[in-house]
Amino acid sequence: MTTGVIGSIEATEAIKLCLGTGSVLAGRMLFWDGLRSETDTIVIGRAPRCISCGGKAASSGREERS
Ligand SMILES: [Zn+2]
């Protein structure tokens, strides 16, 4: 059941991103508690020097070394 729930959430996120609508989980991590059938989310901050999520990630097109 859990894999079906997570797969459905991921598919919904992909559809929202493709359509450019709704509120996506970007910047947050979702936790699924299958025993209680509950979810929770926490905010994930960006790492300023990270090549994936840092501020210059999309604009520079090259790796930034520290
Ligand atoms: Zn990062």
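Some observations on this one:
- Apart from one condition, G4 fits all of (1) more than 16 Å from the ligand (Cβ to nearest atom); (2) modelled with pLDDT of 95 or more; the exception is (2).
- Only residues that are without any contact (Cβ under 8 Å) to a residue 12 or more places away in the chain and in a strand (DSSP E or B) were counted in segment 32-42, giving 4.
- The residue that is farthest from the chain's Cα centre (by Cα), counting only those in segment 40-53 that are more than 7 Å from the ligand (Cβ to nearest atom), more than 23 Å from I6 (Cβ to Cβ) and surrounded by 11 or more Cβ atoms within 10 Å (Cβ to Cβ), is R49.
- A Cβ distance below 7 Å, combined with a sequence gap of six or more or placement on separate chains, defines the contacts here; from segment 8-31, residues that are free of Cβ contacts under 8 Å to residues at least 60 places away in the same chain and within 22 Å of G54 (Cα to Cα) reach residues that are surrounded by 11 or more Cβ atoms within 10 Å (Cβ to Cβ) and acidic (D, E) in the pairs V24/E13; L25/E13.
- Of all residue pairs spaced 6 or more apart or on separate chains, those with beta-carbon atoms under 7 Å, a first member in segment 43-54 that is of a type in the set (V, I, T) and a second member that is at pLDDT below 85 are I51/A57; I51/E63; I51/E64.
- Of all residues in segment 16-39, one or more are away from the ligand (no atom under 16 Å from the Cβ), modelled with pLDDT of 95 or more and touching a Gly at 6+ places or on another chain (Cβ under 7 Å).
The values are calculated or read from the model by the stated rules, or taken from the named source; none is laboratory data. Predicted model, so just to flag it, every value in this text is computed and none were measured. Glycine also receives a Cβ, built like all others from the backbone with ideal geometry; neighbour counts cover every protein chain displayed.
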